[in-house]
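Enquirer: If you scroll down you'll find the structure; I have some questions about it.
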Amino acid sequence: MADLTTNFLGIKSPNPFWLASAPPTDKEYNVRRAFEAGWGGVVWKTLGAEGPPVVNVNGPRYGAIYGADRRLLGLNNIELITDRPLEVNLEEITRVKADYPDRAMIVSIMVPCEEQAWKDILPRVAATGADGIELNFGCPHGMSERGMGAAVGQVPEYIEMVTRWCKQYYDKPVIVKLTPNITDVRKPAAAAMRGGADAVSLINTINSITSVNLDTMSPEPSIDGKGSHGGYCGPAVKPIAMSMVSEIARNPETRGLPISGIGGITTWRDAAEFISLGAGNVQVCTAAMTYGFKIVQEMISGLSQWMDEKGYTSVEEVVGRAVPNVTDWQYLNLNYVAKAKINQDDCIKCGRCYAACEDTSHQAIAMSADRTFSVIDAECVACNLCVDVCPVENCITMEAMQPGEVDPRTGKVVQKEYANWTTHPNNPGAVAAE
Amino acid sequence: MSSPMTPGIAAARLPAEILGENFGDLHAPFTPHEAAVAADRCYFCHDAPCVTACPTNIDIPLFIRQISTGTPEAAGKTIFDQNILGGMCARVCPTEDLCEQACVREMAEGKPVEIGRLQRHATDTLMAKQRHPYDRAPETGKKVAVVGAGPAGLACAHRLAMHGHDVTIYDAEAKAGGLNEFGIAAYKSTDDFAAREVDWLLGIGGITVQTGVRLGEGISLGGLTESYDAVFLGVGLGGVNVLGSAGEDKDGVRNAVDFIKELRQASDLAALPIGRDVVVIGGGMTAVDAAVQSKLLGAQNVTIAYRRGREAMSASTYEQDLAASKGVRLMFNAQPVAIHGNGAVREIELEYTTDDGSGLKGTGETVRLPADQVFKAIGQTLTTDGGLALAGRKIAVTGAGRTSQAGVWAGGDCASGGDDLTVTAVAEGRDAAMDIHATLMGSN
């Protein structure tokens, strides 16, 4: 069984699965249970400054999006940072860390954008023995309206400034958590790096309204007839998060900056994908909130099995393996030609591929009287929609054509050589191939 | 109080509460949660095979999607648009041979979407919630006679009334409903559903029902064709085939359909006598319905004896399994040769059969089974043909139920073509109505 021990910024944990700063990590009771279940580390729910704690709403905090069989695909929340006294949290963190020295304990912090506020809290956090801190520059609701959370994360200069204060007043690793509610995630990541951040973590939650109650005309979750945008997370946000992680991983300015990947990680496979796109570890929240802490066992066994099968002996070996293959559209090989192929033995004859192709795509699937569905190569552009809508995994596959074969759609011979848009004759800005 | 062991024919073999349980819904209705889970399994297939398999062509993927998006009433309307008796069909259709057999998830996983139960969920919801969901077109002034208030006649009458025609239904029985009311197992139509469905269907207006009127006794086809602009015959199969075995006239030997009818109309099941040893002759749904209900009434030993092999049985595998699960013994390749007893039946003698490809033959070897009652379920026959041309033993029809006589249509079990199923009868009644409408309005 592959060794999943992870060293992230010098912080060791038995596996790369950390619980993200969120409701599951708000208190000692939960965190102890998480560690007992096998989680490699936690990011303690965000602490605020000394003084009366924030208050939460007393109605629903979460809204959801479902797939078939009410499988939770997306969750949003309007919960704020911890609403428990700072002193209580610090005592609990100290106790838990002492009892679980082999697990990663990171403390999430969000205090006002004033140097003194950070100067006040950092020594107290350091005194807990925690392994590092995460700066919550991502929370999109409630706190951002008070000039914290995403309000900081949306201004690169503030990120850089606060990060610098933290590096000045705290001697352990500083992770900057980024908000996705911006246009170019590379900018805040670069700012964090300039401020001296040891790592970035992303994504925080996305501004969202999950549903509208059509009787009361209130957005959900509804508090006495009114709703507010909340932070969206869960499996639905994974593609957005992975794109952002990859952008930071392959950006020359931030290349090499450690990343803690967050966003809809539900299975070992999701985790492996984030890691391959440059994450040094991953943080999980919604999956635990949906299924409980036990899911980490599947994540551990699955990642180990896959690594064994692939011959990887450490998580580190996997980190960033897919990054070189993330490119810009203009560099994709236009000489690569594929065709859909339907495996008739696996086909259950539902006809969804036909409906999708006939109604919304390229009329490249034929349907016979006995419901045999077959691809018309002369029409197929290999768009993959049939694969995506087929209920049976791997029933429809995309088969690459071999160089020298004639594409019946274009009548052209498939070329062996790579050629992209930058040199394509239809591109007015094409440059001559060298 | 008697028990299953009480010799002879006896009432009250089981306590009332057990009888109540035994004759409760065969399939309990879905709760909304169960319906949501079941509906989520539908793939919304293109040109879906389940629709093709449905004799009434209900748009099944659409109605299931309507359930899954929280509008079971709209789902009910989708069903009734094609099949106004969709409520009964949801209960009695052999879905395992029709839509659910065709379901792609049956092919994929051996577990089809539970279309029948979802259909019941939708139709029950709409019927419970709303007044009759269809409005009549302006009156056309045309009058149509429908003979037979079974599934074919009711479906025909409803569609005609919807198009503004004035319909009179004649039925020989004291109640409308036909086989829905008299001919199917009680556990498939609980809480007087057949009668409630007829009342609901008649809510369209424009339909008059005259019960206790039999074709050939008081009304004639000739008279009807003179008085009405069109006539639809949905008279079913009123006769029962005879065994032709010695002793068939002994007490305790009766037609299964009569037993089922008596049971369906019984106000107190505990008062209904049943034999300790019951033998049902036949291999169709009627045989299964009679056998299972005998068992549920408390008969100690119930046997279905069928002269051919299991594969030839017209009752579906599901029905066979249902019978077996209730404790009915299925005996194959055994045909009755004699019924023994002094006045009343005591034993039935069966001869084993074989079929080497040249037709069914007795082997000469016989076996005797104790029998207090023998129910004959070896098929029904047409008793009322109105002098129309026949195809085999049924009224010959072409197209949408056109008989050999202009102005006379026929559908359901009495007409040629199609399976003898409720859902087929509904389709034929509906389609004949559309053809009658087109003919009367001069667009044919």
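The values are calculated or read from the model by the stated rules, or taken from the named source; none is laboratory data. Computed from a predicted model, the values in this text were never measured in an experiment. With ideal geometry, Cβ positions are generated from the backbone for all residues, glycine too; neighbour counts draw on all protein chains shown. Accessible surface areas use protein heavy atoms only, side chains included; no ligands, DNA or RNA. Shrake-Rupley method; radii C 1.70, N 1.55, O 1.52, S 1.80 Å.
Enquirer: Residues in the stretch A:355-373 that are assigned to a strand (DSSP E or B) and surrounded by fewer than 18 Cβ atoms within 10 Å (Cβ to Cβ): how many?
Expert: 1
Enquirer: Oh, and also: I'd like the full set of residues that are over 19 Å from B:P94 (Cβ atoms) and assigned to a loop (DSSP other than H, G, I, E, B), limited to the stretch B:412-437.
Expert: B:S416 - this is the single residue of the stretch B:412-437 that is over 19 Å from B:P94 (Cβ atoms) and assigned to a loop (DSSP other than H, G, I, E, B).
Enquirer: In contact with a Leu (Cβ under 9 Å, 6 or more places away or on another chain), more than 24 Å from A:C350 (Cα to Cα) and either away from every other protein chain (no Cβ under 14 Å) or not in a helix (DSSP H, G or I) (or both): is that true of B:A137 in this structure?
Expert: no
Enquirer: When the residues of the stretch A:325-352 are narrowed to those that are among the hydroxyl-bearing types (S, T, Y) and touching a residue at least 24 places away in the same chain (Cβ under 8 Å), which ends up farthest from the other protein chains (Cβ to nearest Cβ)?
Expert: Selected residue: A:Y331.
Enquirer: Moving to a separate point now. For A:V200, work out the one condition from (1) surrounded by fewer than 24 Cβ atoms within 10 Å (Cβ to Cβ); (2) assigned to a strand (DSSP E or B) it doesn't fulfil.
Expert: With respect to (1) surrounded by fewer than 24 Cβ atoms within 10 Å (Cβ to Cβ); (2) assigned to a strand (DSSP E or B), A:V200 is out only on (1).
Enquirer: Also, quick follow-up: Within 14 Å of another protein chain (Cβ to nearest Cβ) and over 27 Å from B:G177 (Cβ atoms): does that describe B:Q66?
Expert: no
Enquirer: Criterion first (exposed (fewer than 14 other Cβ atoms within 10 Å of the Cβ) and closer than 25 Å to A:M299 by Cα) does A:R70 satisfy it?
Expert: yes
Enquirer: How many residues are open to solvent by less than 10 Å² (accessible area, probe 1.4 Å) and either assigned to a loop (DSSP other than H, G, I, E, B) or charged (D, E, K, R) (or both) when one looks only at the stretch B:190-203?
Expert: 1
Enquirer: Find all pairs meeting these conditions: Cβ atoms under 8 angstrom apart; at least six residues apart or on different chains; first residue within the stretch A:359-371 and away from chain B (no Cβ under 13 Å); second residue part of a strand (DSSP E or B) and of a type outside the set (V, I, T).
Expert: A:A364/A:A340
Enquirer: State yes or no: is A:R146 surrounded by fewer than 18 Cβ atoms within 10 Å (Cβ to Cβ), basic (K, R) and touching an Asp or Glu at 6+ places or on another chain (Cβ under 9 Å)?
Expert: Answer is no for this residue.
Enquirer: Still on this structure: Residue check: is B:I84 in a loop (DSSP other than H, G, I, E, B), modelled with pLDDT of 95 or more and under 25 Å from the mean Cα position of the chain (by Cα)?
Expert: Taking the combined requirement at face value, the residue satisfies it.
Enquirer: Additional query: If we scan the stretch B:13-32, do we find a residue that is open to solvent by 60 Å² or more (accessible area, probe 1.4 Å), among the acidic types (D, E) and away from chain A (no Cβ under 13 Å)?
Expert: yes
Enquirer: How many of the residues in the stretch B:87-118 are within 14 Å of chain A (Cβ to nearest Cβ), part of a loop (DSSP other than H, G, I, E, B) and either open to solvent by less than 50 Å² (accessible area, probe 1.4 Å) or more than 15 Å from B:A38 (Cβ to Cβ) (or both)?
Expert: 4
Enquirer: Quick check: anything in the stretch A:385-406 of a type in the set (V, I, T), closer than 17 Å to B:H46 by Cα, within 14 Å of chain B (Cβ to nearest Cβ) and part of a loop (DSSP other than H, G, I, E, B)?
Expert: Yes: one or more hits.
Enquirer: Moving on to the next point. Only one of (1) of a type outside the set (G, A, S); (2) in contact with a His (Cβ under 9 Å, 6 or more places away or on another chain); (3) part of a helix (DSSP H, G or I) is not met by B:E349, so which one is it?
Expert: So the condition that B:E349 fails would be (3).
Enquirer: Still on this structure, I have one more. Every residue in the stretch B:136-159 that is closer than 20 Å to B:K77 by Cβ, open to solvent by 10 Å² or more (accessible area, probe 1.4 Å) and either among the polar types (S, T, N, Q) or in contact (Cβ under 8 Å) with a residue 60 or more places away in the chain (or both), please.
Expert: B:R136, B:P151, B:R159
Enquirer: Could you please find all residues in the stretch B:41-63 being within 12 Å of chain A (Cβ to nearest Cβ) and open to solvent by 50 Å² or more (accessible area, probe 1.4 Å)?
Expert: Result: B:R41, B:F44, B:H46, B:D47, B:T52.
Enquirer: Something else about it: When you go through B:H132, B:H121 one by one, which is the residue that is in contact (Cβ under 8 Å) with a residue 40 or more places away in the chain and in a helix (DSSP H, G or I)?
Expert: Exactly one of B:H132, B:H121 is in contact (Cβ under 8 Å) with a residue 40 or more places away in the chain and in a helix (DSSP H, G or I), namely B:H121.
Enquirer: When the stretch A:316-330 is examined, which residues are found to be assigned to a helix (DSSP H, G or I) and open to solvent by 100 Å² or more (accessible area, probe 1.4 Å)?
Expert: Scanning the stretch A:316-330 gives A:E316, A:P324, A:N325, A:W329.
Enquirer: Now for a different question. As an exercise: evaluate B:T354 against (1) of a type in the set (V, I, T); (2) open to solvent by less than 60 Å² (accessible area, probe 1.4 Å); (3) free of Cβ contacts under 8 Å to residues at least 60 places away in the same chain and give the number of the one condition it does not meet.
Expert: (2)
Enquirer: Additional query: Out of all the residues in the stretch B:387-444, which are open to solvent by less than 30 Å² (accessible area, probe 1.4 Å), of a type in the set (S, T, N, Q) and in contact with a helix residue (DSSP H, G or I) (Cβ under 9 Å, 6 or more places away or on another chain)?
Expert: B:T422, B:T424
Enquirer: Among (1) of a type in the set (V, I, T); (2) crowded, with 20+ Cβ neighbours inside 10 Å; (3) within 20 Å of the chain's Cα centre (by Cα); (4) not in a loop (DSSP other than H, G, I, E, B), where does A:T179 come up short?
Expert: Here A:T179 clears every test but (4).
Enquirer: Which of (1) more than 19 Å from A:L19 (Cα to Cα); (2) more than 14 Å from chain B (Cβ to nearest Cβ) does A:L90 not meet, given it meets every other one?
Expert: Looking at each condition in turn, A:L90 falls short on (1).
Enquirer: Right, here's the next one. When the residues of the stretch B:293-348 are filtered to those that are of a type in the set (S, T, Y) and touching a strand residue (DSSP E or B) at 6+ places or on another chain (Cβ under 8 Å), which remaining residue is most open to solvent (accessible area, probe 1.4 Å)?
Expert: B:Y306
Enquirer: In the stretch B:66-75, is there at least one residue being within 30 Å of B:L297 (Cα to Cα), in contact (Cβ under 8 Å) with a residue 40 or more places away in the chain and open to solvent by less than 40 Å² (accessible area, probe 1.4 Å)?
Expert: No, every residue in the stretch B:66-75 fails to be within 30 Å of B:L297 (Cα to Cα), in contact (Cβ under 8 Å) with a residue 40 or more places away in the chain and open to solvent by less than 40 Å² (accessible area, probe 1.4 Å).
Enquirer: Give me the residue from the stretch B:225-283 that is within 29 Å of B:L421 (Cβ to Cβ) and basic (K, R) and, out of that set, least open to solvent (accessible area, probe 1.4 Å).
Expert: Filtering the stretch B:225-283 for residues that are within 29 Å of B:L421 (Cβ to Cβ) and basic (K, R), the one least open to solvent (accessible area, probe 1.4 Å) comes out as B:R264.
Enquirer: Tell me, yes or no, whether the stretch B:213-221 has at least one residue that is in contact with a strand residue (DSSP E or B) (Cβ under 8 Å, 6 or more places away or on another chain), touching a residue at least 40 places away in the same chain (Cβ under 8 Å) and assigned to a helix (DSSP H, G or I).
Expert: So far as the stretch B:213-221 goes, yes, one or more of its residues are in contact with a strand residue (DSSP E or B) (Cβ under 8 Å, 6 or more places away or on another chain), touching a residue at least 40 places away in the same chain (Cβ under 8 Å) and assigned to a helix (DSSP H, G or I).
Enquirer: Let me confirm something: among A:I65, A:I106, which residue is open to solvent by less than 10 Å² (accessible area, probe 1.4 Å), farther than 17 Å from A:G292 by Cα and not in a loop (DSSP other than H, G, I, E, B)?
Expert: Answer to the check: A:I106.
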